[in-house]
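Working notes, structure below.
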């Protein structure tokens, strides 16, 4: 008996070591490129080009950061991109969460035949690719005279966040909010809209948080629409600043890596702060048909 | 559902109407011009340009108000597409003779400047190539170019060459002979940032094709007198393949970003560098920071020329380059009367002698379209002087392939030049694919 | 105000903002793009332009028959990405989730999950630029490592340039599937597994007989996500290889983008590519629904 237990402990110990090695290896692979990137931002272009790419900076150069933050190759400086990113994400997240909750409540709890069609339309949108609407969207935004405006970016962003939002909210409200509760509120004389504001929306807090997080990362990282629907740097956000270094205009590696680092630091901080909600949100967002 | 559809359509219409209404314009005695300019406002010389080019114009023409919008790179082109789609193109705009400005030319969105140029006798002052309508995508003079672009420059780094006891190669076989020597010392022979497909076609192959096919070869192809399967064209393609085989070009060049070329070359990675004439500006001193990739005292070690004589069978001539009309300025086709005259005045200023001289000095252009600007009087850095002297290094000009041929026709060439480097296509394959693309394209015309 | 009227107005108020924006920004442009693919519209004024004509399937015929076969190369790359997702990310994600869900991992579960998922929160455009410098360039970290192993190593161009891209895609998204699987595995009652262990079941048997059957519908869901995700791949390749060399790493979305917004525009071709992408999405949705029905019946 003791012998068997002893053996089990050893076998388990070996297993455990192997498993930890596997996990450690994957963790290393996942974060090494990002650490490497952060380190390169402390090298000058000359140093990066002429020394071993694996080496730590021999002399830590901090000059890249103020240069990028204030100007250096980006006409308004990185701070402007950062500001725009904040504006776009805040407004998009707020609008998507509110509109999706509203529509979700109507779809889940107010019976109309048109619901099936409308809800179905949103579901189709989840799998659609953004490239397939680029040209018409571009033409429409131009014709509407909102090319290169914040509004011209925000409307598509909100529209693109809605399919997932409506899906999640409808699902949550249907399963999570009992009809009896809504009925009793109605009996107390509250209309549908009052019921929404007083009961449904507050009760949807969990799904709203999930949706807010998904929308936040999606909006923060969006690139192609931003690139196409704005001209000049005034209304561009962070990924577009990075996009400038994609392809043909890179030239200065110090600048490149600093821009990249500045771009990932906020989202990394956000992720590390809300990691549990984010991973939960991702699991919840994995849509079934 | 119906209601919502109606609502949506109504909203769309309102939005469209508002957009259309705001597009209208009124005219006054004081003319206002909306101008779209291509410039990186953070680049070297941008601040100076504001004074020398724009403020000077404002002061000289108090009756013309210029509202300028500055754009750069892809966003510039996206803006132009956007304005074209909405019918709100600016009055005066920066443009290319083809490429992404093609729509402006082919859809006649640009004013035909031919009559104005003839009226004002521009041929007295300008090189004939910029007045030649066949050089522009629409077959008419949609823009007035500020320069002529040579798409091939062959820069020899004498620091590297003398370190291994060599001098700049004058012929291709000399170049081949230098490969092992350079390689033994750890240098590449030719550095070329070939990751983007257009670079090889524009900066080297167009020159090679000209030398194998002869002058005016594009006309023979377009008229059907010859085709891309022509043995001379295949031989030209094959020459690029030979360059890879001989080690003159390395496969690794296909992985080098266009942006990385100057930085790598300035750190002595290779003996030679191939790029367009516009790229020399990347090496010289940046006026805003005072920093140069190659400092002026080092610059004397760099010799700028065209690709050496190709001494293989089948070449019709050497000492040639591939040239194309440079960028310039066009006028919105809708403009008439006073506004048109004001716009024309502005365009003539923007491509006039003063501005061209200024751009020559800052590296904005290298081969001005204004005849007889005196280079020697300008405070140029050694590499700029070398570049100004480029036209004395060749006698013949041939076309740049992406000029006269449509996008769908030259794409197989662009891609094929890379595929030959990797070894997935042969010269004959590329020629055949290009000819098929041309046949297909002709059907749609 | 009657109850019915109130109900109708409330419904309209609640639904209108979402539906209106969605129709305007997603639904209408999709239909519009399909329409444009049958016209010769290629830039310039769009509304009220008399030069716009219907040209039928010309753009499609060109796309399917043009000699360079760019469409098929792009489609092929999309399929390779699907393959990497389905046969790489999903199994790897599953295994990692399984390891993390076992009792043997007593400490650091949260840490490992957080770190392995981390690449997912970073913008693909940044990942693309980063890995261009990291793997693809002749002056990359990858080359430095090669030189560490063999000091005489020389840069060789990858004859299958899509492989580094696939590797990065594997790198990025494995954590995503791991998180999904882990969330569902943690719902399996540990008592069942303990009971099986007492009965002498091996790890392998627990995995195949207990865990896998419960997870089937999640695996199907993830496969569908992977397929639609592959169709959406753009930013990464745009920044990492720009579709090169020689167009060998182009995917459909990039092919479409280049047709429309690189060099001389070719909107009809670009719209035809979009339409094919929409079609693929629609087929996916139908398949998803069918599979969803089959598995939800089995799962319950």
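The values are calculated or read from the model by the stated rules, or taken from the named source; none is laboratory data. In this text, all values refer to a predicted model and were calculated from it rather than measured experimentally. Quick reminder, even Gly has a Cβ in these numbers, built from the backbone with ideal geometry, and neighbours come from all protein chains shown.
Annotations for the structure displayed:
- Leading residue by the ranking (nearest to the chain's Cα centre (by Cα)) among those in region C:53-89 that are within 11 Å of another protein chain (Cβ to nearest Cβ) and without any contact (Cβ under 8 Å) to a residue 60 or more places away in the chain: C:69
- In this structure, residue B:207 does not qualify as in a strand (DSSP E or B), within 17 Å of the chain's Cα centre (by Cα) and over 23 Å from residue C:138 (Cα atoms).
- Boolean, residue B:249 is buried (at least 24 other Cβ atoms within 10 Å of the Cβ), assigned by TED's automatic domain parsing to the domain that holds residue B:194 and either in contact (Cβ under 8 Å) with a residue 60 or more places away in the chain or part of a helix (DSSP H, G or I) (or both): yes
- Residue list for region C:25-36, filter: free of Cβ contacts under 8 Å to residues at least 40 places away in the same chain and either under 21 Å from residue A:105 (Cα atoms) or more than 7 Å from chain A (Cβ to nearest Cβ) (or both): C:28, C:31, C:35
- Count of region B:106-132 residues which are modelled with pLDDT of 90 or more, closer than 30 Å to residue C:260 by Cβ and touching a helix residue (DSSP H, G or I) at 6+ places or on another chain (Cβ under 8 Å): 4
- The lone criterion from (1) part of a helix (DSSP H, G or I); (2) more than 9 Å from every other protein chain (Cβ to nearest Cβ); (3) surrounded by fewer than 13 Cβ atoms within 10 Å (Cβ to Cβ) left unmet by residue C:166 is number (3).
- Scanning region A:10-55 for residues being closer than 21 Å to residue A:263 by Cα and part of a loop (DSSP other than H, G, I, E, B) gives a total of 4.
- Residue in region C:129-147 that is assigned to a loop (DSSP other than H, G, I, E, B), touching a helix residue (DSSP H, G or I) at 6+ places or on another chain (Cβ under 7 Å), more than 28 Å from residue C:249 (Cα to Cα) and facing chain A (nearest Cβ under 8 Å) present: no
- Answer from A:146, A:153, A:158, A:141 - the residue that is crowded, with 23+ Cβ neighbours inside 10 Å and modelled with pLDDT under 90: A:141
- The set of residues in region B:59-105 being out of contact with any strand residue (DSSP E or B) (no Cβ under 9 Å at 6 or more places or on another chain), modelled with pLDDT of 90 or more and assigned to a helix (DSSP H, G or I) consists of B:59, B:60.
- Any hit, region B:291-310, residues being more than 26 Å from residue B:49 (Cα to Cα), within 14 Å of another protein chain (Cβ to nearest Cβ), at pLDDT below 90 and in contact with a helix residue (DSSP H, G or I) (Cβ under 8 Å, 6 or more places away or on another chain): no
- Odd one out for residue C:95, checked against (1) modelled with pLDDT under 90; (2) more than 7 Å from chain A (Cβ to nearest Cβ); (3) assigned to a helix (DSSP H, G or I); (4) surrounded by fewer than 23 Cβ atoms within 10 Å (Cβ to Cβ): (1)
- The set of residues from region A:174-199 being outside any helix (DSSP H, G or I), out of contact with any helix residue (DSSP H, G or I) (no Cβ under 7 Å at 6 or more places or on another chain) and more than 14 Å from chain C (Cβ to nearest Cβ) comprises A:178, A:188.
- Exclusive hit being closer than 24 Å to residue A:126 by Cα, in contact (Cβ under 8 Å) with a residue 12 or more places away in the chain and more than 22 Å from the chain's Cα centre (by Cα), set A:173, A:153: A:173
- Being within 10 Å of another protein chain (Cβ to nearest Cβ) and crowded, with 21+ Cβ neighbours inside 10 Å is true of residue C:231.
- Test set (1) within 26 Å of the chain's Cα centre (by Cα); (2) modelled with pLDDT of 90 or more - residue A:240 fails condition number: (2)
- So residue B:281, is it surrounded by fewer than 24 Cβ atoms within 10 Å (Cβ to Cβ) and not in a helix (DSSP H, G or I): no
- When residue C:156 is tested against (1) surrounded by 16 or more Cβ atoms within 10 Å (Cβ to Cβ); (2) free of Cβ contacts under 8 Å to residues at least 40 places away in the same chain; (3) not in a helix (DSSP H, G or I), only condition (1) is not met.
The rows are residues; the columns are (1) touching a strand residue (DSSP E or B) at 6+ places or on another chain (Cβ under 9 Å); (2) assigned to a helix (DSSP H, G or I); (3) away from chain A (no Cβ under 13 Å).
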residue: C:183; (1), (2), (3): no, yes, no
residue: C:209; (1), (2), (3): no, yes, yes
residue: C:227; (1), (2), (3): no, yes, no
residue: C:245; (1), (2), (3): no, no, yes
residue: C:280; (1), (2), (3): no, yes, no
